[in-house]
Amino acid sequence: MIREDGFFYPSGGMISIARALQKIMGEYGGDLRLDSPVEKIIVEGGKATGVRLENGEEITARVVISNAHSRETYLKLLDAESLPYAIRRSVSRQPNSIPVPYVAMGLKVKMDCVRSHFSIILPERKQFDNFWNEFYDKGLLNYPPDGMFFASCPSFEDPTMAPEGKQVLDAFYIASPKLKYHQWDDISEEWSMSCIEFLDRTAFPGLGANVEVMDSVTPVEMERRLRLPEGGFFGLEMSFTNLGPFRPSYRSPCVDNLYLTGHTTNPGGSVPIVMISGIACSSLLLNDWPDIS
Ligand SMILES: Cc1cc2nc3c(=O)[nH]c(=O)nc-3n(C[C@H](O)[C@H](O)[C@H](O)COP(=O)(O)OP(=O)(O)OC[C@H]3O[C@@H](n4cnc5c(N)ncnc54)[C@H](O)[C@@H]3O)c2cc1C
């Protein structure tokens, strides 16, 4: 773990947390399947009895824990008949957190002006004040310089994140998940180029000419790659009516033996916070199932 100026960063990137969990699971005899999308949670007589993978394989279990988004769990993985109308309606209406589309860049050489995590690049006050009502709420496409950027350079402190002599830079923005007049897929490249051009002009002179590879990760792309509805950064919005008793509970209220965890449950989103959710959910499960050790 690297710590600098209040930020904590796992050496080797976020994937090292997943690898550490994989190692611990292996030590306890667990079997982890990667690239195995679940198509359905099997429910018999009101109880979750296992999962069916997209490849058709069925895995039976006494208990099913879903770490997927609550909308994925309730509206996709469960059949409609397993779900009371009130739950279906409330799950589908809970708003997601804001998406943070970003441009991931691989730089040909290290740039002195690029520092660690995070640099925050703000527009002029008036533009920023108008951002939510002028752009976000109306679903209008906002090009820089109307919004703000968080720029992060993981390879600054962790050289394993980029080839020798090179650098990676991620520039995170905020933009509406659903656009009124555009499709994200149609404008992703053009939007990313405008981000790079803006960052070159304002914060990182020479950036444009130094970009070797680029990946535009729009809200739609996040939905596809991460199964993250609307690309919501922290799963469900972390507002008063989406927290505490209003957030999906660890123990499903409508399907026995089904548990939920992750950033759509309490306490909410971000890596350290979802770990609390994991601990709370497993404690509840051990309480409900004392014979599972
Ligand atoms: C771009 C971005 C940057 C972020 N940066 C930070 C940061 O710097 N620090 C921080 O603390 N937090 C950050 N966050 C937030 C943080 O990543 C999330 O809050 C956290 O990862 C949520 O963990 P989770 O386990 O609940 O969900 P996820 O990490 O989303 O894990 C859920 C998993 O379930 C899988 N899944 C879904 N449906 C199925 C299915 N049907 N079958 C099989 N698998 C399925 C998904 O593919 C996914 O791998 C960031 C989020 C984003 C989007």
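Bear in mind these aren't lab numbers, they're just calculated from the coordinates by the rules spelled out. In this text, all values refer to a predicted model and were calculated from it rather than measured experimentally. Glycine gets a Cβ as well: all are built from the backbone with ideal geometry, and neighbour counts include every protein chain shown.
What the table shows:
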item	result
Derived scalar couplings ³J(HN,Hα) [the stretch 153-160; Karplus, 6.51 cos²θ - 1.76 cosθ + 1.60; whole Hz; x for Gly, Pro]	10, x, 7, 5, 9, 10, x, 5
Residues with amide H under 5 Å from that of LEU260, placed H, sequence gap 5 or more	SER66, ARG251, SER252
Cleavage-rule hits (chymotrypsin sites (Phe, Trp or Tyr not before Pro)) in the stretch 91-164: DSSP loop, at most 16 neighbouring Cβ within 10 angstrom	PHE118
Rg ratio (alpha-carbon, reference 2.2 N^0.38 Å) - the chain	1.11
Rounded to 5, percent antiparallel among DSSP beta bridges of the chain	90 percent
Those chymotrypsin sites (Phe, Trp or Tyr not before Pro) in the stretch 164-198 that DSSP places in a loop and that have at most 10 other beta carbons within 10 Å	TYR181
Whole-Å distance, taken between Cα centres, linking the stretch 79-119 and the stretch 227-248	11 Å
Sites matching GluC sites (Glu not before Pro) across the stretch 140-196 that sit in DSSP coil, with at most 11 neighbouring C-beta atoms within 10 Å	GLU164
GNM flexibility winner over the chain from LEU140, LEU169, LEU34 (Cα, springs under 10 Å)	LEU34
Karplus (6.51, -1.76, 1.60) ³J(HN,Hα), θ = phi - 60°, over the stretch 138-152, in Hz, Gly and Pro reported as x	8, x, 8, 6, 10, 8, x, x, 7, x, 10, 10, 10, 10, 9
Extended-chain gain in nm, criterion 0.36 nm per residue less alpha-carbon gap, ASP35 and ALA18	4.7 nm
Among ILE120, ILE41, ILE24, residue whose mean-square fluctuation peaks in a GNM of the chain (springs only between Cα atoms under 10 Å)	ILE24
The stretch 31-101 shape via C-alpha gyration tensor axes, a/c threshold 1.5	oblate
Close Lys-Lys pairs in the chain, where close means Cα under 14 Å and separation is 8 or more or interchain	5
Helix-only [θ]222 nm of the chain, DSSP H runs n ≥ 4, -39500 (n - 2.57) each, per residue, nearest 500	-8500 deg cm²/dmol
Two-site label geometry, TYR28 and GLU189: point separation in nm, points 7 Å out along Cα→Cβ	4.7 nm
Cα shape, the stretch 102-226, gyration tensor, a/c 1.5 rule	prolate
Amide H within-cut-off set for ILE174, under 5 Å, with H built and near neighbours excluded	MET148
For the chain, built as a Gaussian network whose Cα springs stay under 10 Å, the top-fluctuating residue of MET214, MET111, MET14	MET14
Percent RCO, i.e. relative contact order, over the chain, from Cα pairs under 8 Å lying at least 6 residues apart	21 percent
